[in-house]
Amino acid sequence: MNLPALINTDWASKAENQGCLTTEMLDLIYQEKWFKLFVPKELGGLGLDLIEGLKIEEKLARQDGSLGWTVTLCAGATWFVGFLDQELAREVFADPKVCLAGSGFVGGKADLIGEEYLISGQWTYASGALHASHFTANCEILENGKPLLDKKGNPVVRAFILKKEEVEILDGWSYMGMIATGSHAFKAENIKVPFNRCFEILPSHTKLKSPIYQYPFLQFAEATLAVNILGISSHLLELISKTFWKRNEIRKYDSKHLKYFRKQEKKTQEKLDKVRNDFYAQVSESWKELQNEGKISKKNLKSVSKISRKLTATCRELNSKMYPFAGLEAAKTHTELNRVWRDFNTVSQHALLIFPF
């Protein structure tokens with residue numbers, strides 16, 4: 001799927017200033033169904049496979065970090081359609097502007113009383129919260145006030161779908177980058193939720209047969225986050241090079257400096273291209289194995305996790321080495337380059353991808 005250069009600097013700058021995606025961005029997302037990358041066509045989605053979805057997420061992140069990240073996180077939440085009660089799924093996805101925001105944080109408790117859950121809690125970092133139609137929330141399960149434990153004595157945790165009118169959004173996103181994601185916290189207080197709004201994100205609990213829902217959630221999350229870091233890095237490195245050559249028009253670097261920069265620029269692009277190719281090759285191998293064998297070996301899953309983290313570590317290394325060549329222009333807070341730099345140094349802090357192994 002080809003993506004035109006849809007996001008201009010004005011849109012991205014406006015989105016950052018207002019703290020959420022612009023109306024133009026959202027209209028485009030709804031038109032292209034990007035929040036529903038992995039949702040079946042019969043429910044109004046694109047029905048893409050994993051590799052197709054990853055490449056769209058990478059391209060969107062390259063155009064604007066907040067756009068790519070919001071689409072990725074919300075498309076990741078609508079991926080849960082494969083685990084939902086199908087009557088509920090038809091109800092939720094009947095809205096052409098459906099958008100699920102959520103948090104991986106176990107911030108609530110859900111007490112099963114009869115055929116309803118009583119839910120209270122507070123959850124952090126729900127990207128896309130300001131335009132979400134629904135929220136996903138992880139809760140510890142109680143039954144009539146008593147904690148439900150698994151065979152190992154650990155609290156049982158399940159996920160829930162909450163409607164936007166059932167939660168209160170809390171202004172909790174006060175970070176230097178990814179500002180337009182609007183990744184705010186949200187809370188719920190003593191809301192009653194029917195039993196069918198509870199679901200478990202496990203291959204054994206899928207309600208739809210497509211292989212995309214059999215892909216383990218951890219590696220799905222790692223891969224989708226990694227392509228955002230890749231896309232933002234590609235954008236950042238492009239802007240650094242443009243800024244360097246623009247500075248050269250004024251400063252007139254000598255031939256030794258220019259030769260050095262060209263060498264670094266070439267090495268950086270080659271290294272980024274290699275790790276990108278390695279990443280897609282490894283994820284593609286796991287996807288083919290799932291399609292052919294019905295499951296993915298532990299070895300391949302471990303390799304997907306490792307290459308996602310290696311990709312992130314490589315981007316950190318390359319961006320750090322190239323950043324000084326942009327000079328003080330990179331430190332001007334109103335520039336596109338500075339926004340992309342701030343986005344990268346915010347999103348690359350995600351806990352799943354900190355360690356390179």
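The values are calculated or read from the model by the stated rules, or taken from the named source; none is laboratory data. Treat the numbers as computed from the prediction; the structure is a model and nothing was measured. Backbone-built Cβ (ideal geometry, glycine too); neighbour counts: all protein chains shown. Accessible surface areas use protein heavy atoms only, side chains included; no ligands, DNA or RNA. Shrake-Rupley method; radii C 1.70, N 1.55, O 1.52, S 1.80 Å.
Points to keep in mind about this one:
- Candidates Leu142, Leu100, Leu118 - the one that is touching a residue at least 12 places away in the same chain (Cβ under 8 Å) and surrounded by 19 or more Cβ atoms within 10 Å (Cβ to Cβ): Leu100
- Taken over region 295-320, residues that are within 12 Å of Pro216 (Cα to Cα) and open to solvent by 40 Å² or more (accessible area, probe 1.4 Å) amount to 4.
- Selection count where residues are surrounded by 17 or more Cβ atoms within 10 Å (Cβ to Cβ), in contact with an Asp or Glu (Cβ under 9 Å, 6 or more places away or on another chain) and not basic (Lys, Arg), scope region 182-210: 8
- Which numbered condition Gln269 misses (of (1) in a helix (DSSP H, G or I); (2) more than 19 Å from Glu238 (Cα to Cα); (3) modelled with pLDDT of 95 or more): (2)
- Hits in region 321-357 - residues which are open to solvent by 50 Å² or more (accessible area, probe 1.4 Å), in a helix (DSSP H, G or I) and more than 24 Å from Ser127 (Cα to Cα): Lys321, Tyr323, Pro324, Leu328, Glu329, Ala331
- Annotation: Asp49 fulfils all but one of (1) out of contact with any helix residue (DSSP H, G or I) (no Cβ under 7 Å at 6 or more places or on another chain); (2) over 26 Å from Ile169 (Cβ atoms); (3) surrounded by fewer than 19 Cβ atoms within 10 Å (Cβ to Cβ); the unmet one is (1).
- Sole exception among (1) open to solvent by 10 Å² or more (accessible area, probe 1.4 Å); (2) touching a strand residue (DSSP E or B) at 6+ places or on another chain (Cβ under 8 Å); (3) within 27 Å of Glu58 (Cβ to Cβ) for Leu218, by number: (2)
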